[in-house]
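Only the coordinates and a few stated rules stand behind these numbers; no lab work does. Quantities reported herein were computed from a predicted structural model and do not represent experimental measurements. Every residue, glycine among them, receives a Cβ derived from its backbone with ideal geometry; neighbour counts consider all protein chains shown.
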């Protein structure tokens, strides 16, 4: 990070501020601006004039890459990898916490629910990216299918409504 105490934009009152104080003020001004405060609100909060804050913010804008480095390009693969890694870390921590004997049942349940939510978030991310598809189920356990159960229930219901009496 570059030195924010560049004397390039000093005002008369700034001459009293040391380099580190000036650097701190400029960083505070940036933080407050990021919180959507106006220049006057920032000036009031930091106890300086609005023109001083205006100069501090102008300095930050003109020296942005020196202060914070070049703006990196967004790497989707890196972002996805970091997100999945975060979900895995969260899940592992929650599962580890759920096995602690000092926790109440409610706290264990909360930890397990957190682990489940982290896993679901990871699956949803991969699903949304199209990297995960449902497997086609071809295995059969000899149980009736949903359609067979539905037909049998409809037939039983119809039989109950209109029982056929055998004729003699």
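In this label model, residue 105 and residue 20 are separated by 5.6 nm, measuring between points 7 Å along each Cα→Cβ vector.
So if each residue of separation counts as 0.36 nm, and I subtract the Cα-Cα distance between residue 31 and residue 93, what length gain in nm does that give? Length gained, residue 31 through residue 93: 19.1 nm.
Subtracting the Cα-Cα distance of residue 146 and residue 112 from their residue separation scaled by 0.36 nm leaves 9.1 nm. Principal axis extents of the C-alpha atoms in the range 76-128 (largest first, rounded to whole Å): 41, 16, 9.
For residue 153 and residue 77, FRET efficiency with R0 = 35 Å and r from the beta-carbon atoms, rounded to 0.05? Calculated transfer efficiency: 0.10.
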